[in-house]
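What follows is one structure encoded as structure tokens, with my remarks underneath.
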Amino acid sequence: MNIRQAVLAGALGALTVAGLVVTAAPASAASTLGAAAAERGRYFGTAVAANRLGESDYVNTLNREFNSVTPENEMKWDALEPNQGSFNYGNADRIVSHARGRGMSVRGHTLVWHSQLPGWVNNLSGSNLRSATNNHINQVMGHWRGQIHSWDVVNEAFEENGTRRNSVFQRQLGNGYIEEAFRAARAADPNAKLCYNDYNTDGQNAKSNAVYALVQDFRNRGVPIDCVGFQSHFNSQSPVPSDYQQNLQRFANLGVDVQITELDIEGSGTAQANNYRRVVEACLAVSRCTGITVWGVTDKYSWRPNGTPLLFDGNYNKKPAYDAVLAALGGSGGDPDPDPDPVPGACTVSYEETDRWPDRFNGRVTVTAGRSAISGWTTTVTVRSPQRIASTWNGSPTWDSSGNVMTMRPNGNGSLAAGATTSFGFTVMANGNWTTPTLGSCTTS
């Protein structure tokens, strides 16, 4: 997907970003994600956990790089209203206060969702559930009225085949509960953007078609809806779809904003960086794509840590994916080509987990030739004791004396044309340790 560079009109043109007003000053390229996104008329945010706000590296990275936050769990129903009519805003208030005190915008996540519900909600029926839902929306949105730029009003209401999820809301209130929630949300805070949010809707499929039909119907009938959130959790089994940009655009064509709300991409190195760049370029190419939120600051606290899916590693170092994102946003300091191949004849390697069972997992390493052809390659894979590599394929391995470091070479012709790839795989017996294997550098023959 080719990036379409937007021309900023005027050195001091005011841009409105999902309710947040910023000033464009493109005289010099920005050097952080949030600043670079703002120069493109967008926000770049992250999910934040209140219990991490006491960690200096976490806070310093958050404050430096991002201009929007989404509470990771602190605004979900079980956190805010654990007992009916009794609200606990403390942790969420801490996040909102931190963000707004530093000029960051805030996304509200989430009001009506089948998961992370307190038990009392699941025990309600009919009119009691309707009243409780409306009261929850009114109380929560009223508490932060004027402080939240957009809310995920309803989250994950559809199954993969496009049917309605069999949630307590669907069972007790029927198809109309989504519309009722959006109407209640508009009344609770008329100035907040109201979003529907879901996963596996990133390309055109049965689920995204069902969401599209819902949004189209709402727009046609005047039901208040302002935006659609695409969670965009990607890995090798669920990659960035080839029609990602086109899918964002078709929703935007309905007259709503689109937001990438929970982005994380499992992988490492060049492959991960290229996928992140594709997502950013797709958002930039859709004028109504107002911003991107990555689902966490650091791999260390990601909900999928074994997949190392974020822009900062566990030590808060910037990864190649960070450089790719910053460069795609037009910032300075980002490497527009995440392939760390400074000279012809080099190669790079990247890792992804492909399968997992209760006692083991499969990994795949992709070897990519650099700017000229190579005739052979070598790399290493290191596992952490008591892990052991039980089997391999598509390569010729040797091990060091510890059995933890595997050196892999081609098991036949190792020639690769410039930019071409090959891969090998292996099975790791975890033995209770699920640490991601570490790759050494790629060397050529």
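One table, with the values for the structure above:
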item: Selection count where residues are of a type outside the set (Ser, Thr, Tyr) and open to solvent by less than 60 Å² (accessible area, probe 1.4 Å), scope region 391-410; result: 8
item: Arg277 vs. criteria free of Cβ contacts under 8 Å to residues at least 60 places away in the same chain, over 30 Å from Asn135 (Cα atoms) and open to solvent by 10 Å² or more (accessible area, probe 1.4 Å); result: no
item: Answer from Thr290, Thr261 - the residue that is buried (at least 18 other Cβ atoms within 10 Å of the Cβ), in the same structural domain as Leu194 (by the TED database) and more than 26 Å from Asn306 (Cβ to Cβ); result: Thr290
item: Residue match in region 234-242 (condition: assigned to a strand (DSSP E or B) and crowded, with 17+ Cβ neighbours inside 10 Å); result: yes
item: Of all residues making up region 178-211, the number that are farther than 18 Å from Gly222 by Cβ, of a type outside the set (A, V, I, L, M, F, W, C) and part of a helix (DSSP H, G or I); result: 3
item: Flag if Asn128 is over 30 Å from Gln249 (Cβ atoms), surrounded by fewer than 22 Cβ atoms within 10 Å (Cβ to Cβ), in the same structural domain as Arg250 (by the TED database) and not hydroxyl-bearing (Ser, Thr, Tyr); result: yes
item: Residue satisfying condition, being part of a loop (DSSP other than H, G, I, E, B) and among the hydrophobic types (A, V, I, L, M, F, W, C), within set Ile137, Ile148; result: Ile148
item: Criterion (touching a helix residue (DSSP H, G or I) at 6+ places or on another chain (Cβ under 6 Å), under 17 Å from Thr110 (Cβ atoms) and not acidic (Asp, Glu)) met by exactly one of Ile265, Ile225; result: Ile225
item: Per-region count, region 358-390, residues in a strand (DSSP E or B) and open to solvent by less than 50 Å² (accessible area, probe 1.4 Å); result: 16
item: Matching residues in region 358-397 - criterion: being free of Cβ contacts under 8 Å to residues at least 60 places away in the same chain and among the polar types (S, T, N, Q); result: Ser372, Thr382, Ser385, Gln387, Ser391, Thr392, Asn394, Ser396
item: Single condition Leu311 does not satisfy, out of (1) modelled with pLDDT under 95; (2) closer than 26 Å to Cys347 by Cα; result: (1)
item: Number of positions in region 131-141 that are surrounded by fewer than 19 Cβ atoms within 10 Å (Cβ to Cβ) and in contact with a Phe, Trp or Tyr (Cβ under 8 Å, 6 or more places away or on another chain); result: 1
item: Test: residue in region 185-196 that is touching a residue at least 12 places away in the same chain (Cβ under 8 Å), surrounded by fewer than 22 Cβ atoms within 10 Å (Cβ to Cβ) and among the hydroxyl-bearing types (Ser, Thr, Tyr); result: no
item: All positions within region 105-123 that are open to solvent by 10 Å² or more (accessible area, probe 1.4 Å) and either on the phi > 0 side of the Ramachandran plot or of a type in the set (A, V, I, L, M, F, W, C) (or both); result: Trp113, Gln116, Leu117, Trp120
item: Cross-chain or 6+ apart pairs with Cβ under 6 Å, region 418-434 first and closer than 15 Å to Thr354 by Cβ, then of a type in the set (A, V, I, L, M) and assigned to a strand (DSSP E or B); result: Phe424/Val365; Phe424/Met408; Phe426/Ile389; Thr427/Ala390; Val428/Ile389
item: Selection status of Ser150, in contact with a strand residue (DSSP E or B) (Cβ under 8 Å, 6 or more places away or on another chain) and in the same structural domain as Gly229 (by the TED database); result: yes
item: Subset tally (residues that are assigned to a helix (DSSP H, G or I) and more than 26 Å from Asp243 (Cβ to Cβ)) for region 270-321; result: 5
item: Sole residue being over 19 Å from Leu284 (Cα atoms), at pLDDT 95 or above and among the aliphatic types (A, V, I, L, M), chosen from Leu214, Leu263, Leu254; result: Leu214
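Every residue, every condition in (1) of a type in the set (Lys, Arg); (2) touching an Asp or Glu at 6+ places or on another chain (Cβ under 8 Å), yes or no:
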position	(1), (2)
Ala271	no, yes
Asn275	no, no
Ala282	no, no
Val294	no, yes
Tyr301	no, no
Asn306	no, yes
Pro309	no, yes
Lys319	yes, yes
Asp323	no, yes
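The values are calculated or read from the model by the stated rules, or taken from the named source; none is laboratory data. Please read these numbers as outputs of a predicted model, since none were measured by experiment. Counting neighbours? That spans all protein chains shown, and the Cβs are built from the backbone with ideal geometry, glycine included. These area figures cover heavy atoms from the full protein model, side chains too; ligands, DNA and RNA do not enter into them. Shrake-Rupley method; radii C 1.70, N 1.55, O 1.52, S 1.80 Å.
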